[in-house]
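Colleague: Handing you a structure now.
Bear in mind these aren't lab numbers, they're just calculated from the coordinates by the rules spelled out. Note that the structure is predicted; figures quoted are calculated from it, not measured. Counting neighbours? That spans all protein chains shown, and the Cβs are built from the backbone with ideal geometry, glycine included.
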Amino acid sequence: MHPAAAPSSDDAHYLALKAQDARFDGRFFTGVTTTGIYCRPVCRVRTPKRENCQFFTLAAQAEAAGFRPCLRCRPELAPASVASGQPWSIQDASGILAGQAARLLDTADQWSDGLVSLAQVAARLGVSERHMRRIFETHWGVSPLQYLQTRRLLTAKQLLTDTQLPIARIALLSGYASVRRFNTVFAERYRLQPRALRKAGQDGTHPAQATIAVRAAYRPPYDHAAILQFFGNRSLNGVEVVDLARAKLARTLSVETDGRTLHGWVQVQFVPARCTVEMRVSESLVDALPAVLARLRALLDLDADPEAINAALGNSFPGMEGLRVPGTVDGFELAVRAILGQQITVQAARTLGSRLVQRLGTPITTPVAGLSHVFPSAQVLATTPGEVLGELGITRQRQKAIAALAEAVAQGTLRLSPGADVPATLMALQALPGLGPWTANYIAMRALRWPDAFVAGDVALHKALGVQDNQHPAKAAKAAEAASQAWKPWRSYAVIRAWASLATPSDPSIARTALSNS
């Protein structure tokens, strides 16, 4: 086994395996030499003997070593294991490059209009394809193609298990140009035909269901009530519905794929006892299903690693280990809503956003009460006259900001999704009229999924950090920036925790309200 595949302490990982500890889910996989199967740490089968276990950081490493995925614990459901917030250092430059390359391969369907190529990933990283391949294989012990192959096969395995989609459609969604090639690779790697994974009655010829139901896992702790309250306080009429009592959120969205725009709806429900989220996706979005599922994981920040984050933030923000950074399913929508919310209350921004949706959004029919419109697209807002926005109560300054943002996104010169070049995107956003550092970093935090975004000029943040200075806000921002250096590379999470700390620590419900109104 390649040295990079072995965790620092196999004995510690074996203890986590014996305990079926969900905190380690996705952080390593266990290959069992007597069965040829690899599992998640949470697998409920009888724990194998220590001498029969091999440990891997990535599923691709386990598969490269000849192990097949467990059909019971299903490795494809595990949270992502490649950290996205590593601080840069010359000493570990190669490791960081390898990690960023893996992260881009994981999120490629969110920033690529077609099947991702290694040349695209290398170009995004600013290195040659040859150099990226060499660094990747040296660090991970598998090639980028092997990594991408595992990702595609595990996506296919999830769709084969959880849905009734025809196998030909699953092959296409998973990145295979032909069913024959998909069947061959699947059988070679997993030693069984794709049809063998079907549940009783799912023979691959059935028409698609009205909705697609899949699952995803996360690492505890997770304060799902806090993140749902955050979304609920900002929900727009017709676009989002939050049910706190049932730990459920539903919303509409649109996705572009193969030159088409698909409209539909999604629904997520937390199942805390199993550390999972049940997701339902409308059949109208099936042609972009992998991208939709990736967006939902980003929306709920399911791939966060609480242990790594708490190691940096725990002393400064104790008792807030379960807070996550709320994401979005549409970066453009999030950016428009951030502009609407500048220097006004959350409720006022919600009112403006709801008016915008009702006037310019796309009506759709859904089975979920309260979901009736898709947020206006960049193309629509780029061509909407300023006076129309003015009639909705949007000021001229924000009209110009929204128009400029919409034009940049519509023309493809600005991408607001995970995997985007963060420094370049921050510069591009701040070059637009009406968008300053606060708005740009807020967008980076939630839309780009940048874990180190920091809204240094935020007044609520100043109050939480004890550096508030109403007479000299620039001085307060500088003090906040200085304090934040200790929290790198997880400053986005520090911001969320700082906002929550404005409430009385002894009352979690108040803390969630404070978070929602920041």
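Colleague: Using the Kirkwood radius built from alpha carbon pairs, what does the Stokes-Einstein equation give as D for segment 450-507 at 10 °C and 1.306 mPa s, in µm² per second? Before the final figure, lay out each step's value.
Modeller: On the way: Rh = 11.4 Å.
Result for D is 139 µm²/s.
Colleague: I'd like the per residue volume of the convex hull spanned by the Cα atoms of segment 213-516, given in cubic angstrom.
Modeller: Values: hull volume 39.3 nm³, N = 304.
Hull volume over Cα atoms, normalised by residue count, gives 129 Å³.
Colleague: Can you work out the Karplus-derived ³J(HN,Hα) for every residue in segment 129-138? Use 6.51 cos²θ - 1.76 cosθ + 1.60 with θ = phi - 60°, whole Hz, and x for glycine or proline.
Modeller: My calculation for segment 129-138 gives 4, 4, 5, 4, 4, 5, 5, 4, 5, 5 Hz in order.
Colleague: Treating the beta-carbon of each Lys and Arg as +1 and of each Asp and Glu as -1, no other charges, what is the dipole magnitude of the chain about its Cα centre, to the nearest 20 debye? Provide the component values of the computation, followed by the final result.
Modeller: Values: 56 positive and 40 negative charges, 181 e Å.
So the dipole magnitude of the chain works out to roughly 880 debye.
Colleague: Take the alpha carbon atoms of segment 251-265, find their center, do the same for segment 132-192, and report the distance between the two centers in whole angstrom.
Modeller: A separation of 24 Å, based on Cα centres.
Colleague: Treating the angle as unsigned and between 0 and 90°, give the value, to the nearest 10°, between the Cα long axis of helix 93-106 and the longest Cα principal axis of the chain.
Modeller: 90 degrees
Colleague: Another question about this same structure. Ranking Leu416, Leu15, Leu502, Leu352 by Cβ neighbours within 10 Å, fewest first, what do you get? Walk me through the intermediate numbers first.
Modeller: Details: Leu416 25, Leu15 14, Leu502 17, Leu352 22.
Sorted ascending by nearby Cβ count, the order is Leu15, Leu502, Leu352, Leu416.
Colleague: Helix 10-19: angle to the longest alpha-carbon principal axis of the chain, degrees 0 to 90, nearest 10?
Modeller: On a 0 to 90 degree scale, this one is about 80.
Colleague: Taking only DSSP H segments of four or more residues, each worth -39500 (n - 2.57), what value at 222 nm results for the chain once the sum is divided by all its residues, to the nearest 500 deg cm²/dmol?
Modeller: Working: 23 runs with 231 residues, N = 518.
So the calculated ellipticity at 222 nm is -13000 deg cm²/dmol.
Colleague: So, one more: Determine how many Å³ per residue the convex hull of the Cα atoms of segment 3-77 encloses. Walk me through the numbers before you get to the answer.
Modeller: On the way: hull volume 6.1 nm³, N = 75.
Enclosed volume per residue, from the Cα hull, is 81 Å³.
Colleague: Follow-up question, since we're still on this one. From zero outward in steps of 20 Å, how is the percent of C-alpha pairs of the chain spread across the bins?
Modeller: The distribution over the chain is 22, 57, 20, 1, given as percents.
Colleague: In whole Hz, what ³J(HN,Hα) sequence does segment 266-274 give by Karplus (6.51, -1.76, 1.60; θ = phi - 60°), x for Gly and Pro?
Modeller: 9, 9, 10, 9, 6, 10, x, 4, 10
Colleague: Eight or more residues apart or on different chains, and alpha-carbon atoms under 20 Å: count the Lys pairs in the chain matching that.
Modeller: Values: Lys18/Lys49; Lys157/Lys199; Lys463/Lys475; Lys463/Lys478; Lys478/Lys488.
Step by step, the pairs that qualify in the chain add up to 5.
Colleague: Just to confirm the number: angle between the C-alpha axis of helix 396-410 and the first principal axis of the chain, 0 to 90 degrees, nearest 10?
Modeller: The angle comes out near 30 degrees.
Colleague: How fast does segment 220-351 diffuse by Stokes-Einstein, in µm²/s, taking the Kirkwood radius from C-alpha pairs at 25 °C and 0.890 mPa s?
Modeller: On the way: Rh = 16.0 Å.
Rounded to a whole number, D works out at 153 µm²/s.
Colleague: Go through segment 381-392 residue by residue and turn each phi into a ³J(HN,Hα) via Karplus (6.51, -1.76, 1.60, θ = phi - 60°); whole Hz please, and just put x for glycine and proline.
Modeller: Those phi angles translate into 5, 5, 10, 7, x, x, 5, 5, 5, x, 5, 8 Hz.
Colleague: Okay, next question. Just the isolated ones, please: cysteines in the chain lacking another cysteine beta carbon under 4.7 angstrom.
Modeller: Cys53, Cys275
Colleague: Sticking with this one: As I understand it, the dipole of segment 213-516 uses +1 on the Cβ of Lys and Arg and -1 on the Cβ of Asp and Glu, about the Cα centre. Which of Ala404, Phe230, Tyr218 lies farthest toward its positive end?
Modeller: After comparing all options, I get Phe230.
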